[in-house]
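Worksheet: the structure to be examined is printed underneath.
No lab work stands behind these numbers, since they all come straight from the coordinates. Bear in mind that the values here come from a model prediction, so they are computed numbers and not experimental data. Reconstructed Cβ throughout: ideal geometry from the backbone, glycine too, with neighbour counts over all protein chains shown.
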Amino acid sequence: MSVRMELRGLKREFSDGTRIGPVDLLVDRGELVTLLGPSGSGKTTTLRMIAGFIRPQAGSLLFDKDNVLRVPPRERGIGMVFQSIALFPNMTVFQNIAFGLDMARWKHEDVVYRVEEISDVLRIRSLLYRHINEISGGEAQRVALARALAKQPRVLLLDEPLSSLDPQLREHLQMEIRRVQRSLAITTIYVTHNQTEAFAVADRVAVMNEGRVIQTGSPEDLYESPRNEFVARFLGSGNVFSGRIEEVREHTVLVSVKEHRFEVRGQGQVGARVCFTVKPEDVVVANAGASNGYPAIVLSVIPQIGSHRVVLDFDGTQVVSLLTDSELVRQLSGAIGQRASIRFDPESAALVEPCSG
Ligand SMILES: Nc1ncnc2c1ncn2[C@@H]1O[C@H](COP(=O)(O)OP(=O)(O)O)[C@@H](O)[C@H]1O
Ligand SMILES: [Mg+2]
C-alpha cells in the first residue's frame, strides 16, 4: 500500500561544507512528483536521505503519520532505480527480479507468482530466462523497474532512470513508467535534470536549486508563472529582463530597462531593481519598419517542430521568440545581424523574484 510522503526540513551538510536542504516536499499517495534541477543541485542526496543511505542532520520524513528516519533502509518499503542500473550480469532476468524476494525469504512459489505478475506489468515476461547480457538497454531499464517494484514498495524513487538511453527510447519509456506508476498508484519521486522529461511524466514538478526545493507546481503552473528568475531561466520558459521600477500603477509597474520602458504585471516600489519574464510565444517580432516595438538585432532563426525559434539581442539581453508566420520567418532569416523590432503585452510580462540584476 503506498503512502503519503512528506519531507520536512531534511538537511545534510557534508564535511567539505556543501549544504543540502532544508528540503521540504510533499508527495501525495499515488502521486508522481519529478524533482527537477541542474547537476549538483542535491537531487540524488535528497533521494538517498529518503532511502536511508544518508542520514539527515535535521528534519523529518513522514510516511503517512510516521517519521521513518530511524527505520533502517531495508524496512522503509522503498523501491529504487539508480542512474546507472546495477543489474547482476551473471544472473537471468528472473533471478534479478527475484533477488530482493529471495533475500526476504519469500517462499519459492510466491516468488515465482510475483515475478511473473510484475513482469506482465512491465511487459517483459518473455525475457525472464534470458541473461542480462542478452537484453537491450531499454529492456534492462524495465527489468530494473520490475526489480524495484517486486516487493510492492510503499514508495518508488527513480534517479535519472533514462539518462543513458537514446531520445526515442527515452520518450517511449517515459510513457511506460507513467503507465506502470498509474496502474500501481505508487507514490513516486522521479529525478531528472531534463525539463521536457520532467514535464512529460509529472503530476507535479518540484524545481531544485542549490540544495533546496524552490518552486513546486503542475507543469502548467511552473511554465506560466515561474516565481523566480532561476526557475524562469532553467525551464527556458522566460526571457528575463532586468531594470528599475520607475512608476507604480494599479496592477502594473513601469520598468525602465536601460533607456526603454516596459509596462509589466506586478507590484513593487519606485526605484527597486526588478526582473521580469516574458514567454517566447508572447514576444511579437516584426520587421525593422514596424511602427511600434523596441529595436533588436536578429541573431539566429532556427527551425523546430511546429515553429521557428528566433533569437534576438535587445540591448545586451537575449530574447527568444517562437514564430509560426512563414513569410516573416523567411524575411528574418534573410536579416541576420540586422534590426527588427520586438514587443509584448503588459499582460504577458510578469515580475519575478529574487533577481540577480
Ligand atoms: N558524500 C558527499 N560528500 C561531499 N559532498 C557531496 C557528497 N555527496 C554529494 N555531495 C555534493 O552535494 C551536492 C549535490 O550532489 P547531488 O545530490 O549528487 O546532486 P544532483 O543529484 O542534483 O546532481 C554536490 O555539490 C555534490 O558534490
Ligand atoms: Mg544525481
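Assorted remarks:
- Protection proxy ranking of 142-153, 17-28, by the mean of other Cβ atoms within 10 Å over each peptide's residues and highest first, is 142-153, 17-28.
- Centre separation in Å (Cα based) which lies between the range 63-81 and the range 169-187: 22
- Whole-Å distance, taken between Cα centres, linking the range 206-270 and the range 312-339: 23
- Segments 341-347, 78-84, 321-327 sorted - mean Cβ within 10 Å per residue, highest first: 78-84, 341-347, 321-327
- In order along the range 272-281, the Karplus-derived 3J(HN,Hα) couplings, from 6.51 cos²θ - 1.76 cosθ + 1.60 at θ = phi - 60°, round to 5, 7, 9, 10, 9, 10, 9, 6, x, 6 Hz, and Gly and Pro are given as x.
- A dipole drawn for the range 5-230 from +1 and -1 charges on Cβ atoms has a positive end, and of 131, 35, 226 the residue lying farthest that way is 131.
- Residues whose placed amide H lies under 5 Å from that of residue 154, excluding near-sequence neighbours: 78, 79
- Taking Cβ atoms as reference points and 13 Å as the exclusive limit, the residues near residue 68 contribute a net charge of +4, counting Lys and Arg as +1 and Asp and Glu as -1.
- Sum of -39500 (n - 2.57) over DSSP H runs of 4+, divided by residues of the chain (222 nm, nearest 500): -7500 deg cm²/dmol
- Take every pair of alpha-carbon atoms less than 8 Å apart whose residues are at least six positions apart; their mean separation over the length of the range 5-230 yields a relative contact order of 31 percent.
- Radius 14 Å from Cβ of residue 97, net charge of other residues (Lys, Arg +1; Asp, Glu -1): +1
- Three-way shape label, the chain, alpha-carbon gyration tensor, a/c 1.5: prolate
- In order along the range 309-315, the phi-based Karplus estimate (6.51 cos²θ - 1.76 cosθ + 1.60, θ = phi - 60°) of 3J(HN,Hα) comes to 9, 10, 10, 10, 10, 10, 6 Hz; Gly and Pro are listed as x.
- Only the Cβ atoms of Lys and Arg (+1) and of Asp and Glu (-1) were treated as charged; on that basis the dipole of the chain about its Cα centre amounts to roughly 1080 debye.
- Positive-pole candidate from 326, 44, 341, dipole of the chain, charges at beta carbon: 44
- Cut-off 14 Å between beta-carbons: net charge of the residues surrounding residue 48, Lys and Arg +1, Asp and Glu -1: +3
- Under 5 Å from the amide H of residue 288 lie the amide H atoms of 341, each residue being 5 or more positions distant or on a separate chain, with H modelled from the backbone and absent for Pro and chain starts.
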